[in-house]
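Beneath this line is the structure, given in structure tokens, with notes to follow.
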Amino acid sequence: MLNMPRRRWILYLASQSARRQELLTDLKVSFKVVASAYRERWCRKTAPEVLCVRHAIGKARNAVLPKVARFVLGGDTIVWHYRRGLGKPRSRAEALRMLRGLAGKKHAVYTGLAIWDRQTGSVLTGCAKTDVWMKPVGEVWLQKYVDTSHPFDKAGAYAIQGRIKIVRKIQGSYSNVVGLPKELLQKMLKEIVQKTDVPKRRKHCTLRAGK
């Protein structure tokens, strides 16, 4: 649990993700959910650890905020497989294509986080990576999974925390695959708590959490 006693320490989460809200609640962090006007733009030439942080910053900076808001959290999760990013499927057929490609293979999940301090203008960022190995499953199993797991709001069309288990093993942060690497976020919040007033000259600082 983090000691964030002042009202100004409320974290504004620029995400509608129920999973991120649940993970913040687990950390006992005081937060409020806000919308963000940011629209993600994919670039195949950009490394995933760079792209997810860029999106996280964009979500934080484009959040719809009250005047009293100081600290804003943005996050972005990318499923990376064979040098391609997998987003949220738009149809059942697309979800099946994604899962067929992932089945029995290894891929990586990257989550970028950004905490924007509106008072100083500084942005603290971090990136976590988790390697994921999927179960080798057949077509009938995949079709049942798609029909029962609601894949359309999930990057890569799957959820590690779902009732039906599709992941064989992971190396790295479990909560990162869910959508919010708790270990990385705790490090970032502790740094902010320790340095209540971030110097204005320190505009951008990056933390990384690996395997």
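Quick notes on this one:
- In a residue-by-residue description of the range 180-190, the property of being under 26 Å from Leu96 (Cβ atoms) and at pLDDT 95 or above applies to no position.
- Count - residues of the range 144-200 that are assigned to a helix (DSSP H, G or I) and farther than 21 Å from Leu124 by Cβ: 15
- Residue satisfying all of: in the range 144-175; among the polar types (S, T, N, Q) and modelled with pLDDT under 95; surrounded by the most Cβ atoms within 10 Å (Cβ to Cβ) among these: Ser149
- Output for the range 115-143, where each listed residue is touching a residue at least 60 places away in the same chain (Cβ under 8 Å), of a type in the set (Val, Ile, Thr) and either surrounded by fewer than 14 Cβ atoms within 10 Å (Cβ to Cβ) or assigned to a strand (DSSP E or B) (or both): Ile115, Val123, Thr125, Thr130
- Of all the criteria given as (1) within 23 Å of Arg20 (Cα to Cα); (2) aliphatic (A, V, I, L, M); (3) modelled with pLDDT of 95 or more, the one not satisfied by Leu96 is (1).
Residues checked against (1) touching a Gly at 6+ places or on another chain (Cβ under 7 Å); (2) of a type in the set (Lys, Arg):
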position: Leu99; (1), (2): no, no
position: Leu102; (1), (2): yes, no
position: Lys106; (1), (2): no, yes
position: Tyr110; (1), (2): no, no
position: Asp117; (1), (2): no, no
position: Val123; (1), (2): no, no
position: Gly126; (1), (2): no, no
position: Trp141; (1), (2): no, no
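- Scan of the range 144-157 for residues that are without any contact (Cβ under 8 Å) to a residue 60 or more places away in the chain and touching a helix residue (DSSP H, G or I) at 6+ places or on another chain (Cβ under 9 Å), ordered by number: Tyr145, Val146, Asp147, Ser149
- Counting only strands (runs of 3 or more DSSP E) wholly contained in the range 1-90, the ones carrying 3 or more residues that are buried (at least 18 other Cβ atoms within 10 Å of the Cβ) and in contact (Cβ under 8 Å) with a residue 12 or more places away in the chain occupy 11-13, 71-81.
- Of the numbered criteria (1) crowded, with 20+ Cβ neighbours inside 10 Å; (2) of a type in the set (A, V, I, L, M); (3) farther than 22 Å from Ile192 by Cα; (4) at pLDDT 95 or above, the one Ala103 fails is (1).
The values are calculated or read from the model by the stated rules, or taken from the named source; none is laboratory data. This structure is a prediction, so every number in the text was calculated from the model and none was measured. Glycine also receives a Cβ, built like all others from the backbone with ideal geometry; neighbour counts cover every protein chain displayed.
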